[in-house]
Amino acid sequence: MKAIELGATLYVPAIKENLLDTAYGANPSVRSIVICLEDAIREDEVTHAEERFAEALTRFAASATPVLVFARPRNIEMLVRLLRMPGIDAIQGFVLPKITTQNLPQWLSVLVHGKHAFMPTIEGEEAFDRTALSRLRDQLLPYADRVTAIRIGGNDILNILGVRRSKTRTAYDGPLGPVIRDIAGTFLPYGFSVAAPVFEHFSSTDLLRNEVEQDIEHGLLTKTAVHPLQIETIQSLYRPSGAEMAEARAILEKDAPAVFGSHGSMCEPATHLRWAGTIIQRAQIYGTATPVTEAQCRVA
């Protein structure tokens, strides 16, 4: 499973009444969900949340859900309980909260003998420590084929600073910007995917579009969503334009020149090959925003 397939991952509290409807395609745009038993659940709701999750597993095991399903346990002890539940193999994996260099080995010791994918979430003080981020990466490298994405807990990170993200600027324009870049720079070159943090102001569609464009520019091709209204906005921006598709195809041609011009831009297969491959992947999954015209197919 590739992170690019997740699209806008919708977080759904385990006690939410429409949990099963969400998992079974009530919103056809939903590609993946995280059933949250952590921050979205109060301490006095934990038992009820686990009961609801167990009920959902029974349904999932009986009839496959059309979306990718992950669970976010509250702690390692809860993960152990979830793994023992009947039907747990019906979900794709787990989101691991508040990962650190100290507790990651304990999480991995519980998961190592299974087949579930997992997504560690960086949301503590180590998000500001490049050395710690490198240690986390090295700890995860032996399990890279099971790590769907590294998630960034933006609000938890901002809480460490005692601030909240702006309603008028993107995450890249505030204190999260350097953190996102450090995490992307630490993990992406080693083959990991990184998920963009949540944009909590779900009524600010234009600003969300601006932020997703910057996510893509930084190589982050899946994003946490907190509201169904965000899903189509996010995923629409994963559709490449006709011009991007034309350039990607030209770059991937086996007889492509080493350097060529395309509509005012230099294309160089030696350095643009991965970008071109990702453009094709995005089109295969999400379609294209505009058709490829004959004029766009001509290169200089």
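Here are some notes:
- The mean sequence separation of alpha-carbon pairs under 8 Å and at least six residues apart, normalised by the residue count of the chain, gives a relative contact order of 16 percent.
- Translational diffusion of the chain, µm² s⁻¹ [Kirkwood Rh, Cα pairs; Stokes-Einstein; 37 °C; 0.692 mPa s]: 162 µm²/s
- Here the label points at Val46 and His113, each 7 Å from Cα along the C-beta direction, are separated by 2.4 nm in the simple model.
- Carbon and sulfur %, accessible surface of the chain computed with the full protein complex present, 1.4 Å: 51 percent
- Protein-only accessible surface at a 1.4 angstrom probe places the residues Trp275, Trp107 in the order Trp275, Trp107, largest first.
- Counting only protein heavy atoms and a 1.4 Å probe, segment 1-53 has 44 square angstrom of accessible area per residue.
- Spatially near lysine pairs across the chain, Cα under 22 Å, sequence gap of 8 or more or different chains: 6
- The Asp206 and Arg130 beta-carbon pair, evaluated with R₀ = 30 Å, returns a calculated FRET efficiency of approximately 0.35.
- When only alpha carbons of segment 173-300 are considered, Rg and Dmax amount to 16.1, 47 Å.
- Computed [θ] at 222 nm, helices only, for the chain once each DSSP H run of length n ≥ 4 contributes -39500 (n - 2.57): -12000 deg cm²/dmol
- Taking only the Cα atoms of segment 134-174, the ratio Rg/Rh comes out at 1.14, with Rh defined as the Kirkwood radius.
- Förster radius 22 Å - calculated FRET efficiency between Arg81 and Leu161 (Cβ-Cβ, nearest 0.05): 0.10
- Magnitude of the charge dipole for the chain, about its Cα centre and with charges confined to Cβ atoms of Lys, Arg (+1) and Asp, Glu (-1), is about 320 debye.
- For segment 123-240, accessible area per residue (1.4 Å probe, heavy atoms of protein chains only), Å²: 43 Å²
The values are calculated or read from the model by the stated rules, or taken from the named source; none is laboratory data. Keep in mind that this is a model prediction, so the values were computed, not measured. Cβ sites come from the backbone with ideal geometry, for glycine too, and all protein chains shown count toward neighbours. Ligands, DNA and RNA are excluded from the accessible area calculation, which covers all protein heavy atoms including side chains. Shrake-Rupley method; radii C 1.70, N 1.55, O 1.52, S 1.80 Å.
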